[in-house]
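Notes follow once the structure below has been shown.
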Amino acid sequence: MKRIVTIQDISCVGKCSLTVALPIISAAGVETGVIPTAVLSTHTAFPKFTFCDLTDEIQKISDTFSELDIDFDAVYTGYLGSFEQLSLVSDFFDRFGGKAKIIIDPVMADNGKLYKGFTPEFAASMAKLCAKADLIMPNLTEASYMLGIPYNPDYDEAYIRDVLKQLTDLGARSAALTGIGFKDDEIGVYFYDGDSGEYYSYFNEKLPAAFHGTGDIYASATVGAMMRGFSVPEALSIAVDFTLLTMKKTLSDKDHRFYGVNFEEALPYYIERVYSK
Ligand code: PXL
């Protein structure tokens with residue numbers, strides 16, 4: 001059985017970061033170790049939340065894993081909240097990245113805007129961390145901040161290919177831009193493999209709705225599928241279909257909550273897809 005470790009916060013209620021990564025990657029039949037970077041009562045889109053920083057634990061946990069010869073098939077990072085955490089994660093990659101695939105979802109921004117608490121300087125540091133990755137999966141806003149270019153939502157295919165090329169020029173071996181579509185009714189992923197020079201894209205239906213946490217769900221579903229032996233393009237496509245279904249399940253629940261999606265109800269579909277190999 002493969003084993004990964006994911007490094008991100010745990011928001012007690014909110015269905016994002018660790019509370020989606022753990023169930024989704026586990027559902028893929030992959031042991032999912034966690035390093036919680038902070039405990040929040042909810043994610044930061046709620047009007048009020050508590051925040052307990054766990055940065056001081058990261059090095060101790062990492063040292064103890066090393067002493068116990070615990071290794072990983074992948075290290076997957078999501079929401080990271082400080083420069084110090086970026087530096088500790090960078091050291092963690094140096095220590096465990098020999099065997100492990102390094103997958104970074106540089107969670108910071110969406111729809112042209114940085115999330116609460118993030119700055120362009122942080123994005124520049126995240127870009128440096130991304131140089132160590134086998135795969136990075138930003139949305140276009142995150143990619144633009146990391147590259148220091150204006151956010152351009154009126155893109156065409158040539159523009160997206162150029163952004164992907166610039167992202168791999170940062171040092172990452174491959175990059176996937178999430179939330180991309182060239183028609184009003186489609187959304188999906190555009191991927192560039194810097195090693196082979198090949199591009200791949202996959203789209204599905206775009207629903208007239210946006211929910212919190214779908215980026216974390218998308219990245220987690222990709223990691224789970226990769227660890228089950230799917231190629232990166234296959235894994236990215238499975239994650240597009242699964243994320244769409246999580247949104248459909250949410251929209252068909254008249255009592256759905258405002259803060260996240262009903263991903264739990266879409267897990268049987270995900271499990272069937274990832275166990276089909
Ligand atoms: O879904 C990304 C995310 C993760 N963790 C926390 C967040 C957010 C987005 O706002 O606030 C704490």
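The values are calculated or read from the model by the stated rules, or taken from the named source; none is laboratory data. Here the structure is a predicted model, which is why all the values come from computation and not from measurement. Because the Cβ atoms are built from the backbone with ideal geometry, glycine has one as well, and the counts that use them run over all protein chains shown. What goes into the accessible areas is simple: the full protein's heavy atoms, side chains included, and nothing from ligands, DNA or RNA. Shrake-Rupley method; radii C 1.70, N 1.55, O 1.52, S 1.80 Å.
Listing for the model above:
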read-out: Convex hull volume per residue for region 141-277, taking Cα atoms only, in Å³; value: 112 Å³
read-out: Under 5 Å, built H, 5+ apart or other chain: amide partners of Ile102; value: Val75, Asp134, Leu135
read-out: Between region 200-220 and region 240-277, the alpha-carbon center distance in angstrom; value: 11 Å
read-out: Dipole magnitude of the chain about its Cα centre (Cβ charges: Lys, Arg +1; Asp, Glu -1), debye to nearest 20; value: 380 debye
read-out: Members of Lys128/Lys165; Lys2/Lys101; Lys101/Lys132; Lys15/Lys48; Lys15/Lys248; Lys60/Lys128 lying beyond 21 Å, as alpha-carbon distances in this model show; value: Lys60/Lys128
read-out: Burial order of peptide ranges 238-245, 131-138 (average beta-carbon count within 10 Å, highest first); value: 131-138, 238-245
read-out: Under Karplus coefficients 6.51, -1.76 and 1.60, residue-wise ³J(HN,Hα) of region 117-130 in Hz, glycine/proline x; value: x, 9, 10, x, 5, 5, 4, 5, 5, 4, 4, 5, 4, 4
read-out: Residues with amide H under 5 Å from that of Val107, placed H, sequence gap 5 or more; value: Tyr79, Leu80
read-out: Rg/Rh for region 12-139, where both radii come from Cα atoms and Rh is the Kirkwood radius; value: 0.94
read-out: ³J(HN,Hα) computed for each position of region 77-94 - Karplus, 6.51 cos²θ - 1.76 cosθ + 1.60, integer Hz, glycine/proline x; value: 10, x, 4, 10, x, 7, 4, 5, 5, 4, 5, 5, 5, 4, 5, 4, 4, 4
read-out: Cα extents of the chain along the three principal axes, largest first (Å); value: 51, 43, 42
read-out: Set of aspartates and glutamates with alpha-carbon distance to Lys206 below 19 Å, sequence-local pairs under 8 removed; value: Asp110, Asp154, Asp156, Glu157, Asp184, Asp185, Glu186, Asp216, Asp241, Asp253
read-out: Per residue solvent-accessible surface (Å²) - the chain, probe of 1.4 Å; value: 44 Å²
read-out: Per-residue ³J(HN,Hα) for region 250-264, Karplus 6.51 cos²θ - 1.76 cosθ + 1.60, θ = phi - 60°, Hz, x for Gly and Pro; value: 5, 5, 8, 9, 5, 9, 4, 7, 6, 9, x, 10, 7, 5, 4
read-out: Other-chain or far-sequence residues with amide H under 5 Å of Ile7's (modelled H); value: Ile35, Tyr76, Thr77, Gly78
read-out: Accessible surface of the chain [probe 1.4 Å, protein heavy atoms]: carbon and sulfur percent; value: 52 percent
